[in-house]
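Asker: The structure's right below; bear with me while I get my questions together.
The values are calculated or read from the model by the stated rules, or taken from the named source; none is laboratory data. Here the structure is a predicted model, which means the values were calculated and not measured. Cβ placement follows ideal geometry from the backbone for every residue including glycine, while neighbour counts extend to all protein chains displayed. When the accessible area is computed, the model is the full protein with side chains, heavy atoms only, and any ligands, DNA or RNA have been set aside. Shrake-Rupley method; radii C 1.70, N 1.55, O 1.52, S 1.80 Å.
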Amino acid sequence: MISRPTDMNPTVQARIVQALLGKPVVGNAFRGTLVEAILSEALEPEWRWRTDSWAAYDFEHADGTGLEVKQSSALQDWHEPGRKPNPGRFDIRPRTGRWEGMTWIAEPGRVAAIYVFAWHPVVDPAVADHRDAAQWQFFPVLASALPDQKTISLERVRSLASPVGIGGIAEAVRGLFVGLRSPAGGD
């Protein structure tokens, strides 16, 4: 008999959590999911976290509007002592299409209307903790304001939006969303 994920052996589940998130500086492969989980606490229920793999975007509003999360950190788990901090760069490449379940839809461009760039600026390894929502800065930006290029620097993101903490991100995203819906709004 195949067990459901909710029936996972608690010891195995604890070992997985410890392996993926047991250190303050989380590896690149899992930090994105961590940031999405942090944001889900602030954005839900207005925005539903789409945890299905290969979703076209990370969060969805009830009206179908998509929100994409991009993250980076000054301190990486592979940093050696004394190494220069990561300057912050985010993937914003327009895609050739998107998956909806098992169906590929060839629709070039950016599917999400709103992007939230998450930046973890703490460089002191004795203090940095990617798991601490209060240590993150969030920059909400309309997709229509993004340049037509593959990546964007933190410096450029800062020119497009002011940082907000976890306590202000829902209001900032709501402001962009309302602006999209106004007659003179974005996308």
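Asker: What residues qualify as long-range amide H neighbours of V26, i.e. H under 5 Å apart, gap of 5 or more or another chain, H built at 1.01 Å from N?
Answerer: H130
Asker: Let me ask another. Pop out the carbon and sulfur fraction of the accessible area of the chain as a percent, whole number, probe 1.4 Å.
Answerer: The computed percentage sits at 55.
Asker: In straight Cα distance, which aspartates and glutamates are under 18 Å from K150, not counting same-chain residues fewer than 8 positions off?
Answerer: Correct list for K150: E68, D91, E107.
Asker: Through the Karplus equation 6.51 cos²θ - 1.76 cosθ + 1.60, θ set to phi - 60°, convert the phi angles of the range 113-121 into ³J(HN,Hα) values in whole Hz; use x for Gly and Pro.
Answerer: Calculated HN-Hα couplings, in order: 8, 10, 10, 10, 8, 9, 10, 9, x Hz.
Asker: Using a 1.4 angstrom probe on the protein heavy atoms only, line up V25, V123, V35, V111 by accessible area, largest first.
Answerer: Accessible-area ranking of V25, V123, V35, V111, largest first: V123, V111, V25, V35.
Asker: Sort D7, D148 by accessible area with a 1.4 Å probe, largest first.
Answerer: Of D7, D148, the descending order of accessible area is D148, D7.
Asker: How large is ³J(HN,Hα) for each residue in the range 48-62, as worked out from phi by the Karplus curve 6.51 cos²θ - 1.76 cosθ + 1.60 (θ = phi - 60°), to whole Hz, x for Gly and Pro?
Answerer: Each residue's phi maps through the Karplus curve to give 9, 6, 9, 8, 5, 5, 6, 5, 5, 7, 8, 9, 9, 7, 4 Hz.
Asker: Short version: ³J(HN,Hα) in whole Hz for each residue of the range 89-102, in order, from phi by Karplus 6.51 cos²θ - 1.76 cosθ + 1.60 (θ = phi - 60°), x for Gly and Pro, what are they?
Answerer: After applying 6.51 cos²θ - 1.76 cosθ + 1.60, I find 8, 10, 7, 10, 4, x, 9, 8, x, 8, 9, 10, x, 9 Hz.
Asker: Among the aspartates and glutamates, which fall within straight-line cross-link reach of K84, defined as a Cα-Cα distance under 13 Å, with same-chain neighbours fewer than 8 residues apart omitted?
Answerer: D124
Asker: So, counting K/R as plus one and D/E as minus one, what does the shell of residues with Cβ under 12 Å around E107 add up to?
Answerer: Around E107, the surrounding residues sum to +2.
Asker: Scan around S73 for amide H atoms under 5 Å from its own, H built in the peptide plane at 1.01 Å from N, and keep only partners 5 or more places away or cross-chain.
Answerer: H120
Asker: Per residue, how much accessible area does the range 72-174 show when a 1.4 Å probe rolls over the protein heavy atoms, in square angstrom?
Answerer: Computed with neighbouring chains in place, this is 54 Å² per residue.
Asker: Around A42, what is the net charge, scoring Lys/Arg as +1 and Asp/Glu as -1 over all other residues with Cβ under 12 Å from its Cβ?
Answerer: Net charge in that neighbourhood comes out at -4.
Asker: Suppose a student asked you for the relative contact order of the chain, using Cα pairs under 8 Å spaced at least 6 residues apart; what percent would you report?
Answerer: 20 percent.
Asker: Roughly what % of DSSP beta bridges within the chain run antiparallel, to the nearest 5?
Answerer: Working: 19 of 26 bridges.
So the antiparallel bridges in the chain amount to around 75 percent.
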